[in-house]
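A.B. asks: Can you read through this structure? Questions will come right after.
Every number in this text was worked out from the coordinates using simple rules, so none of it is lab data. This one's a predicted model, so the numbers in the text were calculated from it and none came from an experiment. When we count neighbours, we look across all protein chains shown, and the Cβ atoms used for this are built from the backbone with ideal geometry, even at glycine.
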Amino acid sequence: MATTLTRRSFVGLTLTAAFAEATARQVRAQTGSGKRPDFAFVQYHNQTADSSLHKRLVEMWAAVNKETGGRVETQVFALNNNIPGSDPQALKMLAAGEIQFFTLMGGVLGTLVPPAEVQQVPFAFRSAAEAHEAIDGPLGAYLREEMTAKGLRGFAVGAFDNGMRQITSVKRPIVVPADLNGVRMRVPAGQMIADTFRAFGAEPITTNSIDIYAALKSGKVDAQENPLALAELFKLYEVVKYVSMTNHMWSGFNLMAHLPTWQKLPADIQGIIDRNVTKYVRLQRQDQQKMNDDMRGGLARRGLVFNEVNPAPFRAQLAGFYATWKERLGTKTWSLLEASSGRLG
């Protein structure tokens, strides 16, 4: 049966090919290699160029380039190369093979791979280390199976760290659940995180990471929630006053490959990439934990006011939320979560 190539699809393929060739030239210029690689890839992520994620991804792909003798060259783009639509658009590009590697939080990934939202169940993990153990274990293995069904390839130790999320606010600290009532809370894309704050009476407002500063400064939102490192990297300390240490959720960046691209790679190259992913994920987790720990003192010196939060009243108010999401995510996903977190709800 003949394949019909429309003008639109022809233009799309032409642009993709041109982009890949331009990328290959840029990578060869960066590495000083005049040799055309066997495989030229693009890696997107949504953090800044001075983030631990960017630095370790650049080091990781440099190591892959060296170990493959220049056969693999990958250009890493911070802030998703400033594409319109940021993470959701980059996810579509990954699924279509327009980019080959991407890191993404479970909440946004859940729009394509619904069980991935389990990574952001509120108050499931007490620390980033607990979350890493779960994501590196049976829960993560199951999520990778679900990614495969959607044309993505996950990695056994492939969740870079963002950290435990805290609430930074403009008007008042968050001490008890009632303090969230009526608060316009900036959240990333993803149904679970929006539902979490609705359960406390807040109004979730979705923006991309790069737009958080402007949303806080303009008054579009009253607060945002992220690990402390983000408050430094995106200079949120200029527009917020209070930091409430809620530790309400863990978040990380799942490294994924476009599955058909991955399947075409020789086994030796797959092995080199897998090994380096594990190495640099672990290094970045250490970096990020140290940065989040150090940020408390740094942000306090900038004048931000910190307060500790007892999680028990918040968790108690989420009983209905847990019941709803257990049904949505399915018994298998929830059972794998509770095997790591303990019983929820």
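A.B. asks: Compute, for segment 131-284, the length of the dipole vector about the Cα centre, with Cβ point charges of +1 (Lys, Arg) and -1 (Asp, Glu) only. Units Debye, rounded to 20.
C.D. replies: Values: 17 positive and 15 negative charges, 68 e Å.
Once rounded to the nearest 20, the dipole reads 320 debye.
A.B. asks: PRE reach from A316 (point 7 Å along Cα→Cβ): which of segment 176-214 fall under 11 Å by backbone N?
C.D. replies: 177
A.B. asks: Would you mind checking the radius of gyration and Dmax of segment 36-163 based on alpha-carbon positions, in Å?
C.D. replies: Reported Rg and Dmax, both Å: 15.0, 49.
A.B. asks: Of K92/K264; K66/K92; K35/K290, which ones are farther than 28 Å apart at the Cα?
C.D. replies: Details: K92/K264 20 Å; K66/K92 30 Å; K35/K290 39 Å.
With Cα atoms farther than 28 Å apart: K66/K92; K35/K290.
A.B. asks: Ordered by packing density, taken as the mean number of other Cβ atoms within 10 Å over each peptide's residues, highest first, how do 169-177, 56-64 rank?
C.D. replies: On the way: 169-177: 17.1, 56-64: 20.6.
By packing density, highest mean first, the sequence is 56-64, 169-177.
A.B. asks: To the nearest µm²/s, what D does Stokes-Einstein give for segment 279-345 at 10 °C and 1.306 mPa s, using the Kirkwood radius over alpha carbon pairs as Rh?
C.D. replies: On the way: Rh = 15.3 Å.
In µm²/s, the coefficient rounds to 104.
A.B. asks: Say the dipole of segment 86-233 comes from +1 at the beta carbon of Lys and Arg and -1 at that of Asp and Glu; which of T148, M185, S86 then lies farthest toward its positive end?
C.D. replies: Of the listed residues, the answer is M185.
A.B. asks: On to the next question. Would you work out which of A62, P204, L139 lies farthest towards the positive end of the dipole of the chain? Charges go on Cβ: Lys and Arg +1, Asp and Glu -1.
C.D. replies: In the chain, that residue is A62.
A.B. asks: Dipole magnitude of the chain about its Cα centre, charges +1 at Lys/Arg Cβ and -1 at Asp/Glu Cβ only, in debye to the nearest 20? Walk me through the numbers on the way to the answer.
C.D. replies: Numbers: 39 positive and 31 negative charges, 98 e Å.
The dipole magnitude comes to about 460 debye.
A.B. asks: Give or take rounding to whole Å, what are the principal axis extents of the alpha carbon atoms in the chain, in descending order?
C.D. replies: 59, 45, 41
A.B. asks: Also: Report, in whole Å, the centroid distance computed from the Cα atoms of segment 37-112 and segment 231-277.
C.D. replies: 9
A.B. asks: So which helices of the chain fit the span-like rule, where a helix is a whole DSSP H run, its Cα atoms reach 20 Å or more along the axis, and its mean Kyte-Doolittle is at least -0.5? Write out the running numbers ahead of the final one.
C.D. replies: On the way: long enough: 7-31 (36 Å, 0.00); 52-67 (22 Å, -0.39); 267-301 (50 Å, -1.10).
Helices meeting the criterion: 7-31, 52-67.
A.B. asks: Okay, moving on. About its Cα centre, how strong a charge dipole does segment 73-207 have in debye, to the nearest 20, once Lys and Arg get +1 and Asp and Glu get -1 at the Cβ? Let's see the in-between values first.
C.D. replies: Details: 11 positive and 13 negative charges, 96 e Å.
I would put it at about 460 debye.
A.B. asks: Taking the Cβ-Cβ separation of A339 and K217 as r and a Förster radius of 45 Å, what is the calculated FRET efficiency to the nearest 0.05?
C.D. replies: Details: r = 43 Å, r/R0 = 0.95.
According to the calculation, E is roughly 0.60.
A.B. asks: What residue among T278, G298, Q288 has its Cα farthest toward the positive end of the dipole of segment 260-306, where the charges are +1 on Lys, Arg and -1 on Asp, Glu, each on the Cβ?
C.D. replies: Checking the options against the dipole of segment 260-306, the answer is G298.
A.B. asks: From the backbone phi of segment 244-258, what are the Karplus-calculated ³J(HN,Hα) couplings (6.51 cos²θ - 1.76 cosθ + 1.60, θ = phi - 60°) in whole Hz, Gly and Pro given as x?
C.D. replies: Listing the rounded values in order: 9, 7, 7, 6, 7, 6, 9, 9, x, 10, 6, 7, 9, 10, 5 Hz.
A.B. asks: How large is the direction-averaged shadow of the alpha-carbon convex hull of segment 218-345, in nm²? Write down the numbers at each step before the final one.
C.D. replies: Values: hull surface 46.9 nm².
Seen from a random direction, the Cα hull of segment 218-345 projects 11.7 nm² on average.
A.B. asks: Taking the chain as a Gaussian network, Cα atoms linked when under 10 Å apart, which of P188, P138, P313 shows the biggest mean-square fluctuation?
C.D. replies: Of P188, P138, P313, the Gaussian network model singles out P313 as fluctuating most.
A.B. asks: With contacts defined as alpha carbon pairs under 8 Å and 6 or more residues apart, what's the relative contact order of the chain in percent? Don't jump to the answer; show the numbers that get you there.
C.D. replies: Values: 593 pairs, mean separation 74.0, N = 345.
Relative contact order for the chain comes out at 21 percent.
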